[in-house]
Amino acid sequence: MPNMPETTPFLVNGEWRTGEGTFEVKNPFDDSVVAEIGVPTQADVEEATAAAAATFEESRHLPVHARSEALDHISKRLAETADENAALIAREGGKPLKWAKVEATRAISTFRWASEVIRHGDEELMRLDTEASLGSRVGLLRRFPIGPVLGITPFNFPLNLVAHKVAPALGVGAPIVVKPASSTPIGSLRLAEFFAETDLPKGMVQVVPVRSKVADTMARDERFRKISFTGSAEIGWYLKSLDPKKRVTLELGGNAGVIVHSDADLDLAAQRIAFGGYYQAGQSCISVQRVLVASEVYDDFATRLVKQVESLKVGDPMDPTVDVGPVIERSEVDRISAWVEEAVSQGAELLTGGNADGPFYFPTLLAHTTPEMKVCREEVFGPVVTISPYQTFDDALAQVNDSRYGLQAGVFTNDINRAFQAHRTLEVGGLIVNDVSAFRADQMPYGGSKDSGFGREGLRFAMEEMTEPRIMVLSHVPL
(Lines give C-alpha, C1' and ligand atoms only; values in the text may rest on other atoms or scores of the structure.)
Protein backbone atom coordinates (compact mmCIF):
# COMPACT_ATOMS: atom_id res chain seq x y z
CA MET A 1 0.00 0.00 0.00
CA PRO A 2 1.65 3.28 -1.05
CA ASN A 3 2.67 5.69 1.67
CA MET A 4 0.45 8.75 1.45
CA PRO A 5 0.74 11.75 3.75
CA GLU A 6 -2.91 12.20 4.62
CA THR A 7 -5.43 9.80 3.14
CA THR A 8 -5.08 6.02 3.23
CA PRO A 9 -6.26 4.68 -0.14
CA PHE A 10 -8.37 1.65 -0.99
CA LEU A 11 -7.92 -0.83 -3.84
CA VAL A 12 -10.28 -1.01 -6.83
CA ASN A 13 -9.44 -2.87 -10.02
CA GLY A 14 -5.73 -2.79 -9.28
CA GLU A 15 -5.63 0.95 -8.51
CA TRP A 16 -5.09 2.65 -5.16
CA ARG A 17 -7.70 5.39 -4.86
CA THR A 18 -8.82 7.93 -2.29
CA GLY A 19 -12.39 8.52 -3.50
CA GLU A 20 -14.25 11.52 -2.14
CA GLY A 21 -14.00 12.52 1.50
CA THR A 22 -12.50 10.56 4.38
CA PHE A 23 -13.42 8.98 7.68
CA GLU A 24 -11.26 8.57 10.75
CA VAL A 25 -10.13 5.31 12.29
CA LYS A 26 -9.59 5.99 15.99
CA ASN A 27 -7.75 4.03 18.65
CA PRO A 28 -10.39 2.91 21.18
CA PHE A 29 -7.86 3.32 24.00
CA ASP A 30 -7.02 7.03 23.70
CA ASP A 31 -9.24 8.19 20.84
CA SER A 32 -6.17 9.14 18.77
CA VAL A 33 -6.53 9.07 15.00
CA VAL A 34 -4.85 6.00 13.56
CA ALA A 35 -5.66 6.74 9.91
CA GLU A 36 -7.79 8.81 7.57
CA ILE A 37 -9.44 6.40 5.13
CA GLY A 38 -10.61 7.44 1.70
CA VAL A 39 -14.31 6.90 0.97
CA PRO A 40 -15.15 5.13 -2.30
CA THR A 41 -17.50 6.91 -4.64
CA GLN A 42 -20.53 5.28 -6.20
CA ALA A 43 -18.49 4.96 -9.38
CA ASP A 44 -15.70 3.19 -7.45
CA VAL A 45 -18.17 0.68 -6.04
CA GLU A 46 -19.71 0.02 -9.44
CA GLU A 47 -16.28 -0.44 -11.01
CA ALA A 48 -15.26 -2.85 -8.26
CA THR A 49 -18.40 -4.92 -8.82
CA ALA A 50 -18.03 -4.88 -12.60
CA ALA A 51 -14.34 -5.75 -12.34
CA ALA A 52 -15.10 -8.72 -10.09
CA ALA A 53 -17.68 -10.03 -12.55
CA ALA A 54 -15.37 -9.56 -15.55
CA THR A 55 -12.36 -11.03 -13.75
CA PHE A 56 -14.29 -14.20 -12.91
CA GLU A 57 -14.23 -15.22 -16.57
CA GLU A 58 -10.43 -15.41 -16.27
CA SER A 59 -9.95 -16.37 -12.63
CA ARG A 60 -12.21 -19.42 -12.83
CA HIS A 61 -9.69 -21.01 -15.21
CA LEU A 62 -6.51 -20.23 -13.26
CA PRO A 63 -4.30 -23.28 -12.66
CA VAL A 64 -3.64 -24.50 -9.15
CA HIS A 65 -0.02 -23.40 -9.17
CA ALA A 66 -0.95 -19.78 -9.94
CA ARG A 67 -3.45 -19.61 -7.11
CA SER A 68 -1.24 -21.51 -4.67
CA GLU A 69 1.84 -19.39 -5.39
CA ALA A 70 -0.15 -16.22 -4.73
CA LEU A 71 -1.46 -17.59 -1.43
CA ASP A 72 2.07 -18.60 -0.46
CA HIS A 73 3.32 -15.10 -1.28
CA ILE A 74 0.72 -13.42 0.90
CA SER A 75 1.50 -15.84 3.73
CA LYS A 76 5.21 -15.07 3.39
CA ARG A 77 4.63 -11.31 3.42
CA LEU A 78 2.42 -11.61 6.49
CA ALA A 79 5.23 -13.50 8.21
CA GLU A 80 7.78 -10.84 7.26
CA THR A 81 5.59 -8.07 8.68
CA ALA A 82 4.05 -9.94 11.63
CA ASP A 83 5.12 -7.47 14.34
CA GLU A 84 4.00 -4.50 12.28
CA ASN A 85 0.66 -6.16 11.57
CA ALA A 86 0.14 -6.90 15.25
CA ALA A 87 0.77 -3.25 16.11
CA LEU A 88 -1.79 -2.19 13.48
CA ILE A 89 -4.36 -4.58 14.95
CA ALA A 90 -3.72 -3.26 18.45
CA ARG A 91 -3.96 0.38 17.42
CA GLU A 92 -7.05 0.25 15.25
CA GLY A 93 -9.11 -2.17 17.35
CA GLY A 94 -7.69 -1.91 20.85
CA LYS A 95 -6.78 -5.60 21.02
CA PRO A 96 -3.95 -6.15 23.53
CA LEU A 97 -0.64 -6.59 21.76
CA LYS A 98 -0.15 -10.12 23.12
CA TRP A 99 -3.39 -11.24 21.47
CA ALA A 100 -2.82 -9.09 18.37
CA LYS A 101 0.39 -11.04 17.80
CA VAL A 102 -1.61 -14.26 17.96
CA GLU A 103 -4.02 -12.96 15.32
CA ALA A 104 -1.20 -11.77 13.08
CA THR A 105 0.41 -15.22 13.31
CA ARG A 106 -2.85 -17.01 12.60
CA ALA A 107 -3.32 -15.00 9.40
CA ILE A 108 0.00 -16.41 8.17
CA SER A 109 -1.26 -19.96 8.60
CA THR A 110 -4.69 -19.15 7.14
CA PHE A 111 -3.15 -18.37 3.75
CA ARG A 112 -0.71 -21.26 4.04
CA TRP A 113 -3.54 -23.70 4.77
CA ALA A 114 -5.52 -22.40 1.79
CA SER A 115 -2.54 -23.09 -0.45
CA GLU A 116 -2.12 -26.58 0.98
CA VAL A 117 -5.81 -27.41 0.51
CA ILE A 118 -5.86 -26.63 -3.20
CA ARG A 119 -2.53 -28.37 -3.85
CA HIS A 120 -3.94 -31.49 -2.22
CA GLY A 121 -7.01 -31.36 -4.48
CA ASP A 122 -10.56 -32.58 -3.90
CA GLU A 123 -11.44 -34.47 -7.07
CA GLU A 124 -13.31 -37.74 -6.57
CA LEU A 125 -13.59 -40.70 -8.90
CA MET A 126 -16.92 -42.55 -8.60
CA ARG A 127 -17.47 -46.08 -9.88
CA LEU A 128 -20.83 -46.11 -11.65
CA ASP A 129 -20.79 -49.75 -12.80
CA THR A 130 -22.57 -50.69 -9.61
CA GLU A 131 -25.68 -52.10 -11.35
CA ALA A 132 -25.80 -54.20 -14.49
CA SER A 133 -28.22 -51.75 -16.07
CA LEU A 134 -25.74 -48.86 -15.73
CA GLY A 135 -23.11 -50.33 -17.98
CA SER A 136 -19.40 -49.60 -17.75
CA ARG A 137 -19.22 -46.03 -16.51
CA VAL A 138 -17.19 -43.91 -14.16
CA GLY A 139 -17.87 -40.43 -12.76
CA LEU A 140 -15.39 -37.64 -12.13
CA LEU A 141 -16.59 -35.25 -9.45
CA ARG A 142 -15.02 -31.79 -9.38
CA ARG A 143 -15.90 -28.48 -7.74
CA PHE A 144 -16.11 -25.17 -9.59
CA PRO A 145 -16.41 -21.60 -8.25
CA ILE A 146 -19.91 -20.17 -8.41
CA GLY A 147 -18.89 -16.56 -8.99
CA PRO A 148 -17.77 -13.29 -7.39
CA VAL A 149 -17.92 -13.04 -3.61
CA LEU A 150 -18.91 -10.11 -1.41
CA GLY A 151 -17.10 -10.38 1.92
CA ILE A 152 -18.43 -8.32 4.83
CA THR A 153 -16.11 -8.43 7.84
CA PRO A 154 -16.33 -7.41 11.53
CA PHE A 155 -14.15 -5.18 13.69
CA ASN A 156 -12.90 -7.72 16.20
CA PHE A 157 -10.45 -9.69 14.03
CA PRO A 158 -9.51 -7.10 11.38
CA LEU A 159 -6.80 -9.23 9.77
CA ASN A 160 -7.54 -12.92 10.26
CA LEU A 161 -11.31 -12.88 9.71
CA VAL A 162 -10.71 -10.98 6.48
CA ALA A 163 -8.11 -13.63 5.62
CA HIS A 164 -10.76 -16.31 6.18
CA LYS A 165 -12.78 -14.81 3.33
CA VAL A 166 -9.99 -13.72 0.99
CA ALA A 167 -7.83 -16.88 1.16
CA PRO A 168 -10.57 -19.37 0.23
CA ALA A 169 -11.86 -17.08 -2.52
CA LEU A 170 -8.40 -16.88 -4.07
CA GLY A 171 -8.03 -20.61 -3.54
CA VAL A 172 -11.05 -21.48 -5.67
CA GLY A 173 -10.54 -18.74 -8.25
CA ALA A 174 -13.39 -16.47 -7.18
CA PRO A 175 -12.92 -12.68 -7.18
CA ILE A 176 -13.81 -11.08 -3.85
CA VAL A 177 -14.78 -7.54 -2.92
CA VAL A 178 -14.26 -6.86 0.79
CA LYS A 179 -16.36 -4.43 2.76
CA PRO A 180 -14.42 -4.09 6.04
CA ALA A 181 -15.74 -2.79 9.34
CA SER A 182 -15.55 1.00 9.38
CA SER A 183 -13.86 0.98 12.78
CA THR A 184 -11.08 -1.42 11.70
CA PRO A 185 -10.45 -1.35 7.92
CA ILE A 186 -6.63 -1.27 8.01
CA GLY A 187 -6.13 -5.04 8.21
CA SER A 188 -8.06 -5.62 5.00
CA LEU A 189 -6.04 -2.92 3.24
CA ARG A 190 -2.84 -4.63 4.37
CA LEU A 191 -4.03 -7.89 2.75
CA ALA A 192 -4.92 -5.95 -0.40
CA GLU A 193 -1.38 -4.55 -0.45
CA PHE A 194 0.15 -8.02 -0.41
CA PHE A 195 -2.34 -9.33 -2.97
CA ALA A 196 -1.35 -6.51 -5.33
CA GLU A 197 2.20 -7.89 -5.31
CA THR A 198 1.05 -11.22 -6.81
CA ASP A 199 0.56 -12.15 -10.45
CA LEU A 200 -3.15 -12.88 -10.07
CA PRO A 201 -5.66 -10.81 -12.10
CA LYS A 202 -5.97 -7.40 -10.50
CA GLY A 203 -9.73 -7.67 -10.05
CA MET A 204 -9.53 -10.73 -7.81
CA VAL A 205 -9.23 -8.77 -4.53
CA GLN A 206 -10.70 -5.33 -4.01
CA VAL A 207 -11.39 -3.46 -0.79
CA VAL A 208 -14.10 -0.81 -0.55
CA PRO A 209 -14.48 0.74 2.92
CA VAL A 210 -18.07 1.88 2.45
CA ARG A 211 -20.91 2.45 4.89
CA SER A 212 -23.57 -0.15 5.61
CA LYS A 213 -26.13 1.50 3.35
CA VAL A 214 -23.83 1.08 0.37
CA ALA A 215 -23.04 -2.51 1.37
CA ASP A 216 -26.78 -3.20 1.44
CA THR A 217 -27.00 -2.17 -2.21
CA MET A 218 -23.98 -4.31 -3.07
CA ALA A 219 -25.54 -7.32 -1.37
CA ARG A 220 -28.58 -6.98 -3.63
CA ASP A 221 -26.45 -6.93 -6.80
CA GLU A 222 -26.93 -10.10 -8.85
CA ARG A 223 -23.33 -9.99 -10.01
CA PHE A 224 -22.27 -11.14 -6.55
CA ARG A 225 -23.15 -14.81 -6.50
CA LYS A 226 -22.00 -15.36 -2.94
CA ILE A 227 -22.02 -13.35 0.31
CA SER A 228 -19.74 -14.23 3.19
CA PHE A 229 -20.79 -12.25 6.26
CA THR A 230 -19.48 -12.11 9.81
CA GLY A 231 -21.38 -9.93 12.26
CA SER A 232 -24.65 -9.65 14.13
CA ALA A 233 -27.51 -12.12 13.79
CA GLU A 234 -29.98 -9.39 12.88
CA ILE A 235 -27.96 -8.09 9.93
CA GLY A 236 -26.89 -11.57 8.84
CA TRP A 237 -30.36 -12.99 8.52
CA TYR A 238 -31.52 -9.78 6.84
CA LEU A 239 -28.82 -10.20 4.18
CA LYS A 240 -29.82 -13.81 3.65
CA SER A 241 -33.43 -12.76 3.08
CA LEU A 242 -32.57 -10.37 0.25
CA ASP A 243 -32.15 -12.99 -2.46
CA PRO A 244 -33.15 -16.65 -1.94
CA LYS A 245 -31.08 -17.69 -4.96
CA LYS A 246 -27.81 -16.25 -3.65
CA ARG A 247 -25.35 -18.38 -1.70
CA VAL A 248 -24.77 -16.97 1.78
CA THR A 249 -22.47 -17.97 4.62
CA LEU A 250 -23.26 -16.37 7.96
CA GLU A 251 -20.96 -16.39 10.97
CA LEU A 252 -23.01 -14.67 13.63
CA GLY A 253 -23.17 -14.30 17.39
CA GLY A 254 -23.06 -16.54 20.41
CA ASN A 255 -23.32 -16.68 24.20
CA ALA A 256 -21.12 -19.71 24.65
CA GLY A 257 -21.60 -22.11 27.52
CA VAL A 258 -18.72 -23.95 29.20
CA ILE A 259 -19.33 -26.89 31.54
CA VAL A 260 -16.95 -27.68 34.40
CA HIS A 261 -17.70 -31.17 35.71
CA SER A 262 -16.64 -32.49 39.11
CA ASP A 263 -13.88 -34.66 37.64
CA ALA A 264 -12.21 -31.76 35.81
CA ASP A 265 -8.84 -30.16 36.49
CA LEU A 266 -10.24 -27.13 38.29
CA ASP A 267 -7.07 -25.05 38.10
CA LEU A 268 -6.80 -25.59 34.36
CA ALA A 269 -10.48 -24.78 33.88
CA ALA A 270 -10.24 -21.58 35.91
CA GLN A 271 -7.15 -20.41 34.05
CA ARG A 272 -8.62 -21.14 30.62
CA ILE A 273 -12.03 -19.60 31.40
CA ALA A 274 -10.32 -16.44 32.64
CA PHE A 275 -8.61 -16.32 29.26
CA GLY A 276 -11.62 -17.34 27.15
CA GLY A 277 -14.06 -14.92 28.74
CA TYR A 278 -11.93 -11.80 28.73
CA TYR A 279 -8.98 -12.02 26.31
CA GLN A 280 -10.62 -9.74 23.73
CA ALA A 281 -12.56 -7.78 26.33
CA GLY A 282 -15.22 -10.40 25.58
CA GLN A 283 -15.62 -9.08 22.04
CA SER A 284 -15.58 -12.44 20.31
CA CYS A 285 -18.53 -14.52 19.18
CA ILE A 286 -17.00 -17.62 20.84
CA SER A 287 -16.00 -15.84 24.04
CA VAL A 288 -17.00 -17.71 27.20
CA GLN A 289 -20.19 -16.17 28.57
CA ARG A 290 -22.01 -18.82 30.65
CA VAL A 291 -20.07 -21.11 32.99
CA LEU A 292 -21.91 -24.10 34.44
CA VAL A 293 -20.19 -25.89 37.34
CA ALA A 294 -21.04 -29.18 39.06
CA SER A 295 -22.62 -28.25 42.40
CA GLU A 296 -20.21 -30.34 44.49
CA VAL A 297 -17.21 -28.27 43.30
CA TYR A 298 -19.00 -24.98 42.64
CA ASP A 299 -17.78 -22.99 45.65
CA ASP A 300 -14.21 -24.22 45.27
CA PHE A 301 -14.17 -23.46 41.56
CA ALA A 302 -15.79 -20.04 41.92
CA THR A 303 -13.04 -19.03 44.34
CA ARG A 304 -10.35 -20.19 41.93
CA LEU A 305 -11.99 -18.41 38.99
CA VAL A 306 -12.34 -15.11 40.86
CA LYS A 307 -8.65 -15.26 41.70
CA GLN A 308 -7.75 -15.82 38.05
CA VAL A 309 -10.05 -13.05 36.80
CA GLU A 310 -8.71 -10.55 39.30
CA SER A 311 -5.16 -11.30 38.18
CA LEU A 312 -5.89 -10.08 34.64
CA LYS A 313 -4.17 -6.81 33.77
CA VAL A 314 -6.35 -4.12 32.19
CA GLY A 315 -4.84 -1.22 30.30
CA ASP A 316 -3.05 0.16 27.26
CA PRO A 317 -3.28 -2.44 24.46
CA MET A 318 0.26 -1.56 23.33
CA ASP A 319 1.61 -2.74 26.70
CA PRO A 320 2.75 -6.34 26.04
CA THR A 321 1.79 -7.36 29.59
CA VAL A 322 -1.86 -6.24 29.30
CA ASP A 323 -4.51 -8.99 29.13
CA VAL A 324 -7.69 -6.96 28.66
CA GLY A 325 -7.93 -3.86 26.50
CA PRO A 326 -10.65 -1.32 25.79
CA VAL A 327 -14.13 -1.96 24.44
CA ILE A 328 -14.42 -0.83 20.82
CA GLU A 329 -16.76 2.14 21.53
CA ARG A 330 -17.83 4.13 24.58
CA SER A 331 -21.47 3.46 23.73
CA GLU A 332 -20.75 -0.25 24.10
CA VAL A 333 -19.22 0.36 27.53
CA ASP A 334 -22.48 2.06 28.52
CA ARG A 335 -24.56 -0.82 27.17
CA ILE A 336 -22.52 -3.45 28.99
CA SER A 337 -22.76 -1.45 32.21
CA ALA A 338 -26.53 -1.20 31.84
CA TRP A 339 -26.90 -4.95 31.29
CA VAL A 340 -24.82 -5.77 34.38
CA GLU A 341 -26.66 -3.23 36.52
CA GLU A 342 -29.98 -4.66 35.33
CA ALA A 343 -28.85 -8.18 36.26
CA VAL A 344 -27.77 -7.05 39.74
CA SER A 345 -31.09 -5.27 40.24
CA GLN A 346 -32.80 -8.57 39.36
CA GLY A 347 -30.84 -10.55 41.94
CA ALA A 348 -27.46 -11.35 40.41
CA GLU A 349 -24.37 -11.10 42.61
CA LEU A 350 -21.13 -9.46 41.53
CA LEU A 351 -18.22 -11.74 42.45
CA THR A 352 -15.74 -9.32 40.90
CA GLY A 353 -15.72 -6.38 38.50
CA GLY A 354 -18.84 -4.51 37.54
CA ASN A 355 -17.21 -1.14 36.98
CA ALA A 356 -16.21 0.96 34.00
CA ASP A 357 -13.46 3.53 33.53
CA GLY A 358 -13.30 5.44 30.27
CA PRO A 359 -12.97 2.94 27.40
CA PHE A 360 -12.61 0.00 29.78
CA TYR A 361 -15.14 -2.31 31.32
CA PHE A 362 -13.38 -4.35 33.95
CA PRO A 363 -13.55 -8.14 33.89
CA THR A 364 -16.81 -9.08 35.57
CA LEU A 365 -18.08 -12.34 37.02
CA LEU A 366 -21.75 -12.68 37.97
CA ALA A 367 -23.38 -15.35 40.12
CA HIS A 368 -27.04 -16.06 40.94
CA THR A 369 -28.16 -15.16 37.44
CA THR A 370 -31.31 -16.51 35.81
CA PRO A 371 -31.83 -17.54 32.17
CA GLU A 372 -34.15 -14.59 31.55
CA MET A 373 -31.47 -11.98 32.25
CA LYS A 374 -29.88 -10.30 29.24
CA VAL A 375 -26.41 -11.31 30.44
CA CYS A 376 -27.49 -14.93 29.99
CA ARG A 377 -30.03 -14.75 27.18
CA GLU A 378 -28.31 -12.35 24.78
CA GLU A 379 -24.75 -11.96 23.53
CA VAL A 380 -22.99 -9.57 25.91
CA PHE A 381 -20.00 -9.06 23.60
CA GLY A 382 -18.07 -7.66 26.52
CA PRO A 383 -15.92 -8.85 29.45
CA VAL A 384 -18.81 -10.33 31.42
CA VAL A 385 -19.16 -13.99 32.43
CA THR A 386 -21.88 -15.68 34.49
CA ILE A 387 -21.35 -18.70 36.73
CA SER A 388 -24.02 -21.13 37.95
CA PRO A 389 -24.12 -24.55 39.63
CA TYR A 390 -25.82 -27.61 38.16
CA GLN A 391 -26.97 -30.86 39.74
CA THR A 392 -26.52 -33.40 36.93
CA PHE A 393 -24.55 -33.44 33.69
CA ASP A 394 -27.81 -33.72 31.77
CA ASP A 395 -28.96 -30.52 33.46
CA ALA A 396 -25.79 -28.76 32.32
CA LEU A 397 -26.26 -29.89 28.72
CA ALA A 398 -29.85 -28.66 28.76
CA GLN A 399 -28.75 -25.28 30.11
CA VAL A 400 -26.14 -24.85 27.38
CA ASN A 401 -28.81 -25.65 24.78
CA ASP A 402 -31.24 -23.20 26.38
CA SER A 403 -30.11 -20.44 24.04
CA ARG A 404 -31.05 -19.08 20.65
CA TYR A 405 -27.36 -19.36 19.78
CA GLY A 406 -25.26 -22.43 19.01
CA LEU A 407 -21.76 -21.54 17.89
CA GLN A 408 -19.26 -23.32 20.16
CA ALA A 409 -19.16 -24.75 23.69
CA GLY A 410 -16.59 -26.17 26.08
CA VAL A 411 -16.66 -29.14 28.46
CA PHE A 412 -14.07 -29.83 31.13
CA THR A 413 -14.20 -33.51 32.09
CA ASN A 414 -11.91 -36.52 32.27
CA ASP A 415 -14.68 -38.92 31.26
CA ILE A 416 -14.59 -39.72 27.55
CA ASN A 417 -18.20 -40.93 27.66
CA ARG A 418 -19.36 -37.53 28.91
CA ALA A 419 -17.40 -35.87 26.13
CA PHE A 420 -19.14 -38.02 23.51
CA GLN A 421 -22.52 -37.44 25.16
CA ALA A 422 -21.95 -33.69 25.02
CA HIS A 423 -20.88 -33.88 21.38
CA ARG A 424 -24.07 -35.76 20.51
CA THR A 425 -26.37 -33.54 22.59
CA LEU A 426 -25.14 -29.95 22.36
CA GLU A 427 -26.62 -27.96 19.50
CA VAL A 428 -23.42 -26.17 18.57
CA GLY A 429 -21.09 -26.13 15.61
CA GLY A 430 -18.03 -26.98 17.68
CA LEU A 431 -17.40 -28.64 21.04
CA ILE A 432 -14.04 -28.10 22.74
CA VAL A 433 -13.20 -30.76 25.35
CA ASN A 434 -10.96 -29.74 28.25
CA ASP A 435 -10.69 -26.21 26.93
CA VAL A 436 -12.94 -23.23 26.37
CA SER A 437 -15.33 -22.32 23.59
CA ALA A 438 -12.90 -19.61 22.45
CA PHE A 439 -10.49 -22.14 20.92
CA ARG A 440 -10.24 -22.16 17.15
CA ALA A 441 -7.75 -23.72 14.78
CA ASP A 442 -7.96 -22.05 11.40
CA GLN A 443 -8.22 -25.26 9.36
CA MET A 444 -11.18 -26.69 11.27
CA PRO A 445 -14.82 -26.18 10.20
CA TYR A 446 -16.19 -23.13 11.94
CA GLY A 447 -19.80 -22.05 12.18
CA GLY A 448 -22.93 -22.55 14.21
CA SER A 449 -26.55 -23.55 14.36
CA LYS A 450 -29.70 -21.68 15.31
CA ASP A 451 -29.06 -17.91 15.40
CA SER A 452 -25.30 -18.41 15.31
CA GLY A 453 -25.17 -18.76 11.59
CA PHE A 454 -25.51 -20.69 8.37
CA GLY A 455 -22.79 -22.64 6.60
CA ARG A 456 -19.16 -23.07 7.61
CA GLU A 457 -15.87 -21.26 7.31
CA GLY A 458 -12.39 -22.72 7.74
CA LEU A 459 -10.44 -22.93 4.46
CA ARG A 460 -11.57 -26.25 2.91
CA PHE A 461 -15.08 -25.78 4.26
CA ALA A 462 -15.25 -22.16 3.12
CA MET A 463 -14.07 -23.27 -0.31
CA GLU A 464 -16.92 -25.76 -0.47
CA GLU A 465 -19.32 -22.90 0.30
CA MET A 466 -17.86 -20.88 -2.61
CA THR A 467 -18.07 -23.71 -5.13
CA GLU A 468 -20.52 -26.22 -6.54
CA PRO A 469 -19.95 -29.87 -7.44
CA ARG A 470 -20.26 -31.03 -11.03
CA ILE A 471 -20.01 -34.61 -12.20
CA MET A 472 -18.75 -35.77 -15.58
CA VAL A 473 -19.83 -39.30 -16.50
CA LEU A 474 -17.57 -41.27 -18.82
CA SER A 475 -19.57 -43.97 -20.55
CA HIS A 476 -18.53 -47.25 -22.13
CA VAL A 477 -15.03 -47.11 -20.64
CA PRO A 478 -13.04 -50.27 -19.87
CA LEU A 479 -12.99 -50.62 -16.11
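Considering region 361-377, the residues that are free of Cβ contacts under 8 Å to residues at least 40 places away in the same chain and open to solvent by 60 Å² or more (accessible area, probe 1.4 Å) include one that is nearest to L305 (Cα to Cα), namely H368.
Yes/no matrix, rows are residues, columns are (1) surrounded by fewer than 22 Cβ atoms within 10 Å (Cβ to Cβ); (2) outside any strand (DSSP E or B):
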site: E379; (1), (2): no, yes
site: G382; (1), (2): no, yes
site: S388; (1), (2): yes, no
site: V400; (1), (2): no, yes
site: R418; (1), (2): yes, yes
site: M444; (1), (2): yes, yes
site: V473; (1), (2): yes, no
site: V477; (1), (2): yes, yes
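For beta carbons closer than 8 Å, sequence separation of 6+ or different chains, a first residue in region 142-157 that is in a strand (DSSP E or B) and a second that is surrounded by fewer than 22 Cβ atoms within 10 Å (Cβ to Cβ) and aromatic (F, W, Y), there are no qualifying pairs. The residues of region 446-471 that are closer than 24 Å to W113 by Cα, among the hydrophobic types (A, V, I, L, M, F, W, C) and open to solvent by 50 Å² or more (accessible area, probe 1.4 Å) amount to a single one, F454. Inside region 273-302, can you point out the residues that are under 27 Å from P158 (Cβ atoms) and out of contact with any strand residue (DSSP E or B) (no Cβ under 8 Å at 6 or more places or on another chain)? Hits for region 273-302 are A274, F275, Q280, Q283, S284.
Within region 95-121, no residue that is within 25 Å of G282 (Cβ to Cβ) and free of Cβ contacts under 8 Å to residues at least 12 places away in the same chain sits with its Cβ atom under 7 Å from a residue that is among the aliphatic types (A, V, I, L, M) and open to solvent by 30 Å² or more (accessible area, probe 1.4 Å) at 6+ positions apart or across chains.
Residue-wise test of (1) surrounded by fewer than 18 Cβ atoms within 10 Å (Cβ to Cβ); (2) aliphatic (A, V, I, L, M); (3) modelled with pLDDT under 95.
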residue	(1), (2), (3)
V309	no, yes, no
P317	no, no, no
V322	no, yes, no
R330	yes, no, no
V333	no, yes, no
V344	yes, yes, no
P359	no, no, no
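Residue-wise test of (1) over 28 Å from the mean Cα position of the chain (by Cα); (2) surrounded by fewer than 21 Cβ atoms within 10 Å (Cβ to Cβ); (3) free of Cβ contacts under 8 Å to residues at least 24 places away in the same chain; (4) under 25 Å from H423 (Cα atoms).
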{"site": "S241", "(1), (2), (3), (4)": "no, yes, yes, no"}
{"site": "L252", "(1), (2), (3), (4)": "no, no, no, yes"}
{"site": "G257", "(1), (2), (3), (4)": "no, no, no, yes"}
{"site": "D265", "(1), (2), (3), (4)": "yes, yes, no, yes"}
{"site": "A294", "(1), (2), (3), (4)": "yes, no, no, yes"}
{"site": "V314", "(1), (2), (3), (4)": "no, yes, no, no"}
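The values are calculated or read from the model by the stated rules, or taken from the named source; none is laboratory data. All values reported here derive from a predicted model rather than from experimental measurement. Backbone-built Cβ (ideal geometry, glycine too); neighbour counts: all protein chains shown. What goes into the accessible areas is simple: the full protein's heavy atoms, side chains included, and nothing from ligands, DNA or RNA. Shrake-Rupley method; radii C 1.70, N 1.55, O 1.52, S 1.80 Å.
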